[in-house]
Amino acid sequence: MRLIPKWLRERRRDPGRPMTMVEHLQELRRRLGIAILAVGVAAIAGWFLYGTVFRFLLHSYSVACLHLPANARPPGRDPCHHVFFQGVVEPFIIRLKISTFTGLALALPIVMFQLWRFITPGLTQKERRAAVPFVLSSVALFALGAFFAFLTLPRGLNFLLGFGGANLVPLLTAGRYISFVLLLTLAFGISFEFPLVLIFLAWVGIVSSRKLREWRRFAILFIVIFAAVITPSQDPFTLLAMSLPMVLFYEASIWVTRLMKR
């Protein structure tokens, strides 16, 4: 017990007494510390999985590159299976970035559980028992969003690289490409948590199924604008792949909140 820092230890308090602002900040620091520690430990595993993850991230570019005309591909013997780097430390930065992203993916259940435990002090004992469904559904939705990201990535890259024609040849640097793919994956993963947010807001009484039905038109407009802004590629394939599921999630949230009698 002494090996655990004092600010990471669980503090005993009266559950019937509301938490003060200082206690909320201390709890936030504790939950963030546990989440960051979990991501850091998982990133060590991500360091050893770097080769596999890097080849997986590069696959979408290879597919898009092979669809380009032969005279519009990068120079080299096998140009569609390699990207380039410019700085001396760039390979290390890329490996560190991929390892951290892999650690976040592996530690996502712990991160989401810490988020749930931070917001549950104000809920009833019955509502706190929903931690397992919350964590499982949030991880499943994030994974689904990542799946959609990689499903549309080759088409999006092919669409964007195709603007170069025969006179412009892509010469992608590894750092920019990896940042682009990771940002796109995070954008899809976070956006697919949308129905979970709506259901939670309905659960605590902030919104209702009636309000969700009344806000449908504005919600669809917001979803399209949100998808257009948050997607780094902003191509029509990625925009459709993000906005259409979010609209369907919105409709599904209305039915779920009605079943919850909210």
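Read the figures in this text as sums done on the coordinates, not as results from a lab. Please read these numbers as outputs of a predicted model, since none were measured by experiment. In this analysis, Cβ positions are derived from the backbone assuming ideal geometry, glycine residues included, and neighbour counts consider all displayed protein chains.
Spin-label point model (7 Å from Cα, Cβ direction): what's the residue 22 to residue 190 distance in nm?
3.3 nm
Given a Förster radius of 41 Å and the C-beta distance between residue 258 and residue 71 as r, what FRET efficiency does 1/(1 + (r/R0)^6) yield to the nearest 0.05?
That pair, residue 258 with residue 71, gives E of 0.10.
At what distance in nm do the modelled label points of residue 88 and residue 143 sit from each other, each positioned 7 Å from its Cα along Cα→Cβ?
4.3 nm
Do you know the relative contact order of the chain, to the nearest whole percent, from alpha carbon pairs under 8 angstrom that are 6+ apart?
21 percent
Three principal axis extents, largest first, for the C-alpha atoms of the stretch 202-262, in Å?
On the principal axes, the stretch 202-262 reaches 39, 18, 16 Å in Cα extent.
For the stretch 42-113, how big is the tail of P(r) above 22 Å, as a whole percent of Cα pairs?
In whole percent, the share of Cα-Cα pairs in the stretch 42-113 beyond 22 Å is 38.
For the chain, return all DSSP H helices satisfying: extent of Cα atoms along own axis at least 15 Å; mean Kyte-Doolittle hydropathy at least -1.0.
Taking the DSSP H segments of the chain (at least 15 Å long, mean hydropathy at least -1.0), we get 21-48, 50-66, 90-106, 108-119, 131-161, 174-191, 216-230, 236-259.
When a footprinting reagent is the concern and you count Cβ atoms within 10 Å, what order do 235, 78 take, fewest first?
78, 235
Determine one quarter of the surface area of the Cα convex hull of the stretch 21-192, which equals its mean projected area, and express it in nm² to one decimal.
With every direction weighted equally, the projected area is 12.2 nm².
I need the Debye-formula profile for the stretch 127-262: one equal scatterer per C-alpha, no solvent, reported as log10 I(q)/I(0) at q = 0.18 1/Å, two decimals.
One equal scatterer on each Cα of the stretch 127-262 leads to -1.00.
May I ask you to list the trypsin sites (Lys or Arg not before Pro) in the stretch 24-60 that are in a DSSP loop and have at most 12 other Cβ atoms within 10 Å of their Cβ?
Sparse-neighbourhood loop trypsin sites (Lys or Arg not before Pro): none present.
Counting helices only, and only those DSSP H runs with n ≥ 4, report the 222 nm mean residue ellipticity of the chain as the sum of -39,500 (n - 2.57) divided by its residues, in deg cm²/dmol to the nearest 500.
-23000 deg cm²/dmol
Quote to one decimal, in nm, the extra length available between residue 50 and residue 117 on full extension: 0.36 nm per residue of separation minus the C-alpha distance between them.
21.0 nm
What's the exposure ranking of 52, 102, going from fewest to most Cβ atoms within 10 Å?
52, 102
Count neighbours as other Cβ atoms within 10 Å of each site's Cβ, and list the chymotrypsin sites (Phe, Trp or Tyr not before Pro) in the stretch 28-137 that are DSSP loop with at most 15 such neighbours.
85
Computed FRET efficiency, Cβ-Cβ of residue 240 and residue 167, R0 30 Å: what is it to the nearest 0.05?
Approximately 0.55, to the nearest 0.05.
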